[in-house]
Amino acid sequence: MDSNVSYKGLSGTPHVKARCPQYPGSKIKRFPVPDDKVNWSQNWPQYSPVNYTDPLMTKKPAWADPDIGTFSPSFNSVDGAVDRTSFDGNYKVEKGIPLNPHGRTGLAGRGLLGRWGPNHAADPIVTRWKVDAKGEKVNHPVTKRPVLQFVAIKRKDCGEWAIPGGMVDPGEQVSLTLQREFSEEALNSLSASPSERAKLHERITKLFKSPGFQVFKGYVDDPRNTDNAWMETVAVNFHDDSGNSVSELPLQAGDDAGQVKWVDVDSSFALYANHSHFLELVAKERKAHW
Ligand code: BGC
């Protein structure tokens, strides 16, 4: 693997969120890793990361691996129902423990992540055009481009707005994860009658059957990442161009009290992990305002 490529994040810099000083959901401080020591190939004998795995893991939840030593996972392959391959190609395994392909993070163990090595997620980006009362597309006053809106959720773990993504279940096709996560998040919050719900379900199924636009596939610079466990995702855009499908999802646009809403696609809206980057790619693809 070319180290110049593999240690760079989306913006061309080494991962940043994966080195956040305080590990999320804990009081654990990461061992500080300067930019020039991220790459594993840099010899650094002084490196002594804290070893941390969330105490929840001792209860052996179904979504998590046991400790290394008590089971023998097959890394870099589809291991039973669990996909342990990385979108980044083969990752190194040292003394039976996988190494983060984007380099050091200042924390060993799994932290909050269930799987050793890659933890696969999927992100459905559902969009519609923003329209006025007459149903005409709204152009942004500065860029003069039409404005897209996407379905956002407020994450329970950190309170940040995000694409309604989630983890791929063992053996699950990513296409199903995309629809399942979207339906769980967007439909469960609705106070709709059973017949309205059935209609929406049908529309969602139809939209998710369409090919969609694959926005991103790969490593995510996520604050939960560790030296031995990291997030990867596939983000796909499903766009209701004509506005007569899921565009009618009755989510409260602009209402901050809600947990799900239609949000204008705009560079100034802060989002979780690298979700903002995904939306930028969607806006570009659809020739929309960013
Ligand atoms: C989230 C995804 C996100 C991924 C990587 C998952 O927990 O549900 O939306 O892309 O983590 O940050």
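The values are calculated or read from the model by the stated rules, or taken from the named source; none is laboratory data. Keep in mind that this is a model prediction, so the values were computed, not measured. Methodologically, a virtual Cβ is constructed for each residue, glycine included, from the backbone with ideal geometry; neighbour enumeration extends over all protein chains shown.
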message: I need a count of the residues in the range 56-71 that are over 23 Å from the mean Cα position of the chain (by Cα) and free of Cβ contacts under 8 Å to residues at least 24 places away in the same chain.
response: 7
message: Among the residues of the range 213-235, what is the count of those that are over 10 Å from the mean Cα position of the chain (by Cα) and crowded, with 24+ Cβ neighbours inside 10 Å?
response: 7
- request: Please go through the range 176-200 and pick out each residue that is exposed (fewer than 15 other Cβ atoms within 10 Å of the Cβ) and at pLDDT 90 or above.
  value: Leu176
- request: Evaluate the following for Pro211: is it at pLDDT below 95 and more than 19 Å from Gly159 (Cα to Cα)?
  value: yes
message: Tell me whether the range 133-155 contains one or more residues that are away from the ligand (no atom under 12 Å from the Cβ), over 26 Å from Val82 (Cβ atoms) and at pLDDT below 90.
response: yes
- line: Taking the range 213-242 and keeping only residues that are more than 16 Å from the ligand (Cβ to nearest atom), over 30 Å from Asp54 (Cα atoms) and not charged (D, E, K, R), one is left with Phe213, His239, Ser242
Which numbered condition Val260 misses (of (1) more than 16 Å from the ligand (Cβ to nearest atom); (2) farther than 30 Å from Arg19 by Cβ): (1)
- prompt: Which residue out of Asp67, Asp83 is surrounded by 11 or more Cβ atoms within 10 Å (Cβ to Cβ), over 25 Å from Val174 (Cβ atoms) and of a type outside the set (Lys, Arg)?
  reply: Asp67
- prompt: Would you pick out the residues in the range 245-262 that are in contact with a helix residue (DSSP H, G or I) (Cβ under 9 Å, 6 or more places away or on another chain) and either modelled with pLDDT of 95 or more or not in a helix (DSSP H, G or I) (or both)?
  reply: Ser245, Leu249, Pro250, Leu251, Gln259, Val260, Trp262
query: Identify, please: which residue in the range 182-198 is touching a helix residue (DSSP H, G or I) at 6+ places or on another chain (Cβ under 9 Å) and not aliphatic (A, V, I, L, M) and is, among those, nearest to the ligand (Cβ to nearest atom)?
result: Phe182
Per-region count, the range 167-181, residues within 14 Å of the ligand (Cβ to nearest atom) and in a helix (DSSP H, G or I): 5
